[in-house]
1. Would you be able to say whether some residue in segment B:10-28 is without any contact (Cβ under 8 Å) to a residue 40 or more places away in the chain, more than 14 Å from chain A (Cβ to nearest Cβ), away from ligand 1 (no atom under 16 Å from the Cβ) and surrounded by fewer than 18 Cβ atoms within 10 Å (Cβ to Cβ)?
2. Tell me which residues, restricted to segment B:111-122, are more than 8 Å from chain A (Cβ to nearest Cβ) and without any contact (Cβ under 8 Å) to a residue 60 or more places away in the chain.
3. Would you tally the residues in segment B:30-45 being in contact with a strand residue (DSSP E or B) (Cβ under 7 Å, 6 or more places away or on another chain) and in contact (Cβ under 8 Å) with a residue 12 or more places away in the chain?
4. Can you name every residue in segment B:123-136 that is away from chain A (no Cβ under 12 Å), within 11 Å of ligand 3 (Cβ to nearest atom) and either within 10 Å of the chain's Cα centre (by Cα) or on the phi > 0 side of the Ramachandran plot (or both)?
5. Which members of segment B:72-107 meet the condition of being within 11 Å of another protein chain (Cβ to nearest Cβ) and over 11 Å from the mean Cα position of the chain (by Cα)?
6. Across segment A:182-192, what is the total count of residues that are more than 8 Å from chain B (Cβ to nearest Cβ) and surrounded by 19 or more Cβ atoms within 10 Å (Cβ to Cβ)?
7. Residues that are surrounded by 16 or more Cβ atoms within 10 Å (Cβ to Cβ) and on the phi > 0 side of the Ramachandran plot: does segment A:139-153 have at least one?
8. Return yes when residue B:166 is more than 16 Å from ligand 3 (Cβ to nearest atom), assigned by TED's automatic domain parsing to the domain that holds residue B:74 and surrounded by 19 or more Cβ atoms within 10 Å (Cβ to Cβ) and no when it is not.
Ligand code: HEM
Ligand code: SF4
Ligand code: SF4
C-alpha cells in the first residue's frame, strides 16, 4: 500500500472557469477564421460557413458569444491581474525565467506577472474588438465613425493575433504541467510551490 | 483592349436628364416621387434607384446673366476603388476588364463599409440593404454597346470610349482640367472642366481616406505577419531554450487529493 499514496494537488481553476475558457477559445478561432476570410477574401472559408450571409451570421453571433465570455473572465481574473507587486516587476525584468533553462525568479501569486499582462491586453483588445464589432453590425450608418470602428476592429484583431500564439505556447509546451489547469483544473502541490509560491502558500 | 471611360462635359450638357431616364429604363429602376426644392435638380442626391443624376449649379457671372452648369453624376469607377478595398465580402464588388466597378448583390453582406470608404458618397442601399449603384452598364459594354446614359445623350456631353482617347480629345478641345485623370488611380468617370472643380460641386482633390490607406498597408498585412511572427518566435524559443524543466518526476500517484484551504 506504500505506493498507493495520493498525489497532493491544488485546485487552480473551477469548472466554470474551464468551461468559459473553452467557450472563449472556440469563439475566438471561429471569429479569426471568418475574420481572415473577410480580410483576404478566402472563398473556401466563405463556402464552409454557408456563403456570404451565412458567414456573416456566424461571425456576428460568435462575436456575441466571445463578448459574453470576455465579460465573464473579469470575475475570474481582473482583481488578480491588477494586483501588481514588486516581485512581479522583478519577474518581468528576468523575462519570467523563460530566457534560460535555469533562471531563478521571484515568487509569484496565482497569476504570474506575464499572465497578468496578457490578461489585461486580452481584456483591453477584446473590449475594443467587441465594441467596434457591435457598432459595425448594428449602426454602420454614420460613415466617419464606421471607418474608425473598422480601423479599431482590425487593430485589435492584430493585437490578438500577436498575443494568442504566445499564450498558447507558454501555457502548453513551454510550461509542462500548465495545460491540465484548463482540463481538470488542478495542479500538483509541488508544481504550484515552484510556479506560484505565494498563492500556494496562501492556499495550504 | 485598354481601360474604358465615360467623359462628362458639363459645358455641353443642356440639363435634359435623358441620361437619368435612360439609366432607369435600362437598369429597370422604378421612378421615385420628387419634390420641388426650388430647382430642377432632382433627386438631391444619388439613391438606390437613381444611379445617375444631373447636378444643377447656378453661378453668378460678371455679365449679369447666371451661368448654368449641368454636371452629370454617378459612380466614379475609381482606378483605385476604396469601396472595393474595404469590402469584406468575396466577389461582392468587382472590376470588369474595361475598368468598371460592378456589384454582385447576391454576395453583398449588407455591412455598408463601402459607403464609409467611398470618397464620393456614391454607395446607396436598396430595400434589402444591398449595395445599389451604377455599374457602367457592364451588361451593355460587354457586347460593345455604350452605357445607356451615353447612348441617349443628344449633345455629346456624355461620351464613352477608350480612356486615353477621351483624355486626348478633351485636351485638344482646350479644357483646362481633366478631372480624374490621375486621382485615385485615375477615375473611370472623367470630367472636362473649364474652371475649378469646386465650381462644379466637386472635391478639389478626391482621395482615399487616410485611415483606409493605413489599414490597407499596415493593419491588413500585420494580421498574418504578426501571427506568423508570434508563431516563429515561439518556435525559436522552443528550439533555443526549450520548455521549463522542473516537472516533479515522482512515482505515478494513484489519485488526486485536493488540499486547498479555501476556493
Ligand atoms: C462582439 C464581437 C464582434 C462582432 C459583433 C463583430 C462584427 C463584425 C462585423 C460586423 C464585421 C464586418 C463584416 C460583417 O458584417 O460581418 C467584422 C469584420 C471582421 N471581424 Fe469581427 N466582430 C466581433 C469580434 C471579432 C473578433 C473577436 C475577431 C478576431 C478574433 C474579429 C475579427 C474580424 C475581422 C478580421 C474582420 C474583417 C475586417 C473587416 O472587414 O472589418 N471580430 N466583424
Ligand atoms: S466612386 Fe465610390 S463607389 Fe464608385 S468606384 Fe469609387 S469608391 Fe467605389
Ligand atoms: S455593403 Fe456589400 S458591397 Fe458594401 S462593403 Fe459591405 S458587402 Fe461590400
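1. yes
2. Correct list: B:114, B:118.
3. From segment B:30-45, those in contact with a strand residue (DSSP E or B) (Cβ under 7 Å, 6 or more places away or on another chain) are B:32, B:39-41, B:43; that's our starting set.
Now narrow it down to the ones that are in contact (Cβ under 8 Å) with a residue 12 or more places away in the chain: B:32, B:39-41.
Of the residues in segment B:30-45, 4 are in contact with a strand residue (DSSP E or B) (Cβ under 7 Å, 6 or more places away or on another chain) and in contact (Cβ under 8 Å) with a residue 12 or more places away in the chain.
4. B:133
5. Residues satisfying the conditions are B:88, B:89, B:90, B:91, B:92, B:104, B:105, B:106, B:107.
6. Residues flagged as more than 8 Å from chain B (Cβ to nearest Cβ) and surrounded by 19 or more Cβ atoms within 10 Å (Cβ to Cβ) within segment A:182-192 amount to 2.
7. no
8. Considered against the rule, which asks whether it is more than 16 Å from ligand 3 (Cβ to nearest atom), assigned by TED's automatic domain parsing to the domain that holds residue B:74 and surrounded by 19 or more Cβ atoms within 10 Å (Cβ to Cβ), residue B:166 comes out as yes.
The values are calculated or read from the model by the stated rules, or taken from the named source; none is laboratory data. On a predicted model such as this, the values are computed, not experimentally measured, just so you know. For neighbour counting, all protein chains shown are included, and Cβ atoms are generated from backbone atoms with ideal geometry for every residue, glycine included.
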